[in-house]
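What follows is a single structure, written as structure tokens, with notes after it.
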Amino acid sequence: LGHLNPSEIAQAGLQALPTSAPSSKKPRVAVLGAAGGIGQPLALLLKASPLIGELSLYDIVGTEGVAADLSHIDSSVKVSSATGAEKLSDALYGCDLVVIPAGVPRKPGMTRDDLFNINASIVRDLCAAVAKYCPQAWVAIISNPVNSTVPIAAEVFKRAGTYDPRKLLGVTKLDVLRANMFIAEAIGKAPESVSVPVIGGHAGVTILPLLSQATPRVDVSAEKAKALTERIQDAGTEVVKAKAGKGSATLSMAYAAAKFAESCVLALQGQAVVECAYVESHLTDLPFFASQVRLGPSGVEEYLPLGRFSELEAKGFEALKSELRGSIQKGIDFVRKG
Ligand code: NAI
């Protein structure tokens, strides 16, 4: 493989890529969009994490205040800040993991796709900088519409010759948290003991919780399973409505992203961790798909099989394909034709 450039290696498939050795050093993690509704509580949780070495905060406004505030917390995590595009290189230099919650959130009545026009270029430009200043870093994308922003990031990295599909992860963990919580309530179990795989994508019907594969077993009527599935799919909108114009989920998202970032760090350090994430995938005929993946030092090291679907899930799977395919193509076209 020595004669292939990184994008050719990437195109050759995951197995063809060299694997990375575990790292013993506590990582440097960047949050891009760190002064925002998600960015601030996410930065707080990462500052409190024993797994993180350095926290690099970046935003186009207000980063210094967030960093000054966090830097008084008596944890060993070293906090630095950078504001504005000309300082982005400082923020990214030496990062092992870059978490991106930059961009605008939904207001009532908006779909995630309505955010495309603004967030697509934000993610494109931030990823171009990642390719330049920390091409080896793992990248976790929160900015919506995730179904399109992850393909955008992939295209940017391909162009730059730095694409490693194993290290580009769309964060869908909030869908898993919601599924766990709502199912726990429905079956009267502690949420901590419930685990529901969620596959597909991160918008409306593309969010497909697999209740039939939950642990512990979810024994509810088909009608109840349908109602729970729909609530999980619409949960983001519940928050958007309740916040009445003041944004979308921030605290639960920050919690989900912090847990996800910690999983990435553990994987980097050699621990096998299973997470649901929206990634380049060959499990279905869609080029990007969220599923359970096993993370290791090289990134995604194994795709867990989708398993058997219930009748409801099989219908849901068929129903999500055209929307997800369209969102993926929209992201790819944005970079290729833009
Ligand atoms: P927010 O508006 O409160 O914060 C966004 C931050 O990004 C702001 O501080 C803003 O200054 C910053 N920003 C804008 N352009 C930037 C750039 N070029 N570089 C760096 N920073 C930039 O929004 P919030 O609530 O934090 O949401 C952020 C994104 O996360 C939205 O796109 C939202 O839809 C998405 N989201 C994703 C979820 C998921 O499950 N993946 C769940 C909830 C929200």
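Readers should treat all values here as calculations from the given coordinates under stated rules, not as data from a laboratory. Please read these numbers as outputs of a predicted model, since none were measured by experiment. We place every Cβ from the backbone using ideal geometry, glycine too, and count neighbours over all the protein chains shown.
Among 226-234, 38-46, sorting by the average number of other beta carbon atoms lying within 10 angstrom of each residue, highest first, gives 38-46, 226-234. If you plug the beta carbon distance of residue 125 and residue 48 into 1/(1 + (r/R0)^6) with R0 = 41 Å, you get a FRET efficiency near 0.85.
Each of 289, 306, 254 was placed along the dipole of the stretch 193-338 (beta-carbon charges, centred on the mean Cα), and the one lying farthest toward the positive end is 254.
For residue 274, put the label point 7 Å out on the Cα→Cβ axis and report which residues of the stretch 194-217 keep their amide N under 17 Å from it. Taking a point 7 Å out along Cα→Cβ of residue 274, the residues of the stretch 194-217 whose backbone N falls under 17 Å are 194-200, 209-217. Note on the stretch 31-77: semi-axes of the ellipsoid equivalent to its C-alpha gyration tensor, largest first and rounded to whole Å, are 17, 11, 9.
The relative contact order of the stretch 193-338 comes to 24 percent, based on Cα pairs under 8 Å that sit 6 or more residues apart. In percent, rounded to a whole number, the relative contact order of the chain is 18, using alpha-carbon pairs under 8 Å and six or more apart. Only helical runs count toward this figure. For the chain, summing -39,500 (n - 2.57) over DSSP H runs of n ≥ 4 and dividing by all residues gives -13500 deg cm²/dmol at 222 nm.
Taken as entire DSSP H runs, the helices of the chain that both span 15 Å or more between Cα atoms along their own long axis and average -1.0 or more on the Kyte-Doolittle scale are 116-133, 146-160, 173-187, 222-243, 251-268, 311-337. In terms of packing, defined here as the mean over residues of other Cβ atoms within 10 angstrom, the peptides 96-107, 301-312, 74-85 line up highest first as 96-107, 74-85, 301-312. For the options 166, 124, 217, a Gaussian network treatment of the chain with springs between C-alpha atoms closer than 10 Å singles out 217 as fluctuating the most.
By the Stokes-Einstein formula, at 1.306 mPa s and 10 °C, the stretch 183-319 with its Kirkwood radius over alpha-carbon pairs has D equal to 98 µm²/s.
Counted over the chain with a bin width of 20 Å, the fraction of Cα pairs per bin, in whole percents, is 33, 60, 7.
Once C-alpha pairs closer than 8 Å and six or more residues apart are averaged by separation and normalised to the residue number of the stretch 38-163, the relative contact order reads 22 percent.
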